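Below you'll find the structure, written out as structure tokens, and then a few comments.
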């Protein structure tokens, strides 16, 4: 038996199929992964993300600490509530985790880290923090629910505390507001608009039920994965890990090279390869032949193996099999993928495949 979130019992009551995931027992779907996927693209769906960890970082030098810790630069965060996506690198330039950090005020930043990496993330933060006098506080008392889709904000807003409704309604994308012990970020992992709501754990079940009563579709890990894949969003452990540089994970855009004097952890190693023509590139694939693209399938151009799929699956929106792949530079146009010993044709595209309900590639 794995860890269980505060919402475990209500998942079972709503008919979820429970599966192990990163040490947790989590819902895979509630009957139809396909229906859940389309609900998020067309209306509103909700996800239990209580297994992810909120970490509060506090201290007078917390901004300086995060400028040293993260590849992206929190100096860009000027307004309270502004969020930043970044990789946290090891000294060798590999990705310890990808995360979102929110600037709340000069002595408080809030970070949300992945479930499967929580233990090592907190250990790494705790190891680095004393030099900056920063307190690292994992918030085990908080739950987290993601509400995603074109109608998600409208359906969720009336269910927030009265004092939070107006600030939440005014949020721009990648901003957060906090009131009455609740925290709402206009962020997500689906390619659709919506909120990620952090709230006291004891209020999570009632909030989940209220969302369901308002017509928000409960969604499991299956739909979460197809949605993020269509949106071209990386999955830690599949698309990158501690052995992979962000330069080869399609995450170059998350590295703040300027100012040049900012010495973040891992900078020296990855900067030496910044313009290396031997760096692999991150591409999208759409299968044009028959089959399903899966993780670790090999990619070929002619008789030459040029890389492999890092994330693959069926896209309900495109009604085609799609993938993210790490390949040699210069791979464009057409390629082939080895599916069970047979070479199948695929088209090379630039992710994302789908964002905000719209197909973003040429089929």
(message) It is to be established whether one or more residues within region 120-128 are part of a loop (DSSP other than H, G, I, E, B), at pLDDT 95 or above and within 15 Å of residue 64 (Cα to Cα).
(response) no
(request) Hey, can you tell me all the residues within region 129-142 that are touching a helix residue (DSSP H, G or I) at 6+ places or on another chain (Cβ under 9 Å) and in a helix (DSSP H, G or I)? (result) 129, 131, 132
(request) Those residues that are in a strand (DSSP E or B) and out of contact with any strand residue (DSSP E or B) (no Cβ under 9 Å at 6 or more places or on another chain), I need them from region 343-358; list them, please. (result) 355, 358
(request) Check off (1) buried (at least 18 other Cβ atoms within 10 Å of the Cβ); (2) part of a helix (DSSP H, G or I); (3) without any contact (Cβ under 8 Å) to a residue 60 or more places away in the chain for residue 111 and give me the number that stays unchecked. (result) (2)
(request) Would you be able to tell me the number of residues in region 262-289 that are part of a loop (DSSP other than H, G, I, E, B) and touching a strand residue (DSSP E or B) at 6+ places or on another chain (Cβ under 7 Å)? (result) 6
(request) Name the one entry in 98, 56 that is closer than 22 Å to residue 164 by Cβ and either at pLDDT 95 or above or more than 15 Å from the chain's Cα centre (by Cα) (or both). (result) 56
(message) Looking at 350, 345, can you tell me which residue is in contact (Cβ under 8 Å) with a residue 24 or more places away in the chain and either under 29 Å from residue 192 (Cβ atoms) or under 24 Å from the mean Cα position of the chain (by Cα) (or both)?
(response) 350
(request) Check off (1) touching a helix residue (DSSP H, G or I) at 6+ places or on another chain (Cβ under 6 Å); (2) under 23 Å from residue 191 (Cβ atoms); (3) buried (at least 19 other Cβ atoms within 10 Å of the Cβ) for residue 214 and give me the number that stays unchecked. (result) (3)
(request) Identify, by number, the condition in (1) touching a residue at least 60 places away in the same chain (Cβ under 8 Å); (2) surrounded by 18 or more Cβ atoms within 10 Å (Cβ to Cβ); (3) not in a loop (DSSP other than H, G, I, E, B) that residue 307 doesn't meet. (result) (1)
(message) Can you go through 177, 115, 146, 168 and tell me which one is within 29 Å of residue 220 (Cα to Cα) and at pLDDT below 95?
(response) 115
(request) Within region 310-328, work out how many residues are in a loop (DSSP other than H, G, I, E, B) and in contact (Cβ under 8 Å) with a residue 12 or more places away in the chain. (result) 4
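Results for (1) modelled with pLDDT of 95 or more; (2) more than 23 Å from the chain's Cα centre (by Cα); (3) outside the structural domain of residue 222 (by TED's automatic domain parsing), shown as yes or no for each residue.
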{"residue": "284", "(1), (2), (3)": "yes, no, yes"}
{"residue": "289", "(1), (2), (3)": "no, yes, yes"}
{"residue": "301", "(1), (2), (3)": "yes, yes, yes"}
{"residue": "308", "(1), (2), (3)": "yes, no, yes"}
{"residue": "316", "(1), (2), (3)": "yes, no, yes"}
{"residue": "321", "(1), (2), (3)": "yes, no, yes"}
(request) Using the structure shown, decide if residue 184 is crowded, with 22+ Cβ neighbours inside 10 Å and touching a helix residue (DSSP H, G or I) at 6+ places or on another chain (Cβ under 6 Å). (result) yes
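The values are calculated or read from the model by the stated rules, or taken from the named source; none is laboratory data. Keep in mind the model is a prediction, meaning the values are calculated, not measured. So basically every Cβ, Gly included, is an ideal-geometry build from the backbone, and we count neighbours across all protein chains shown.
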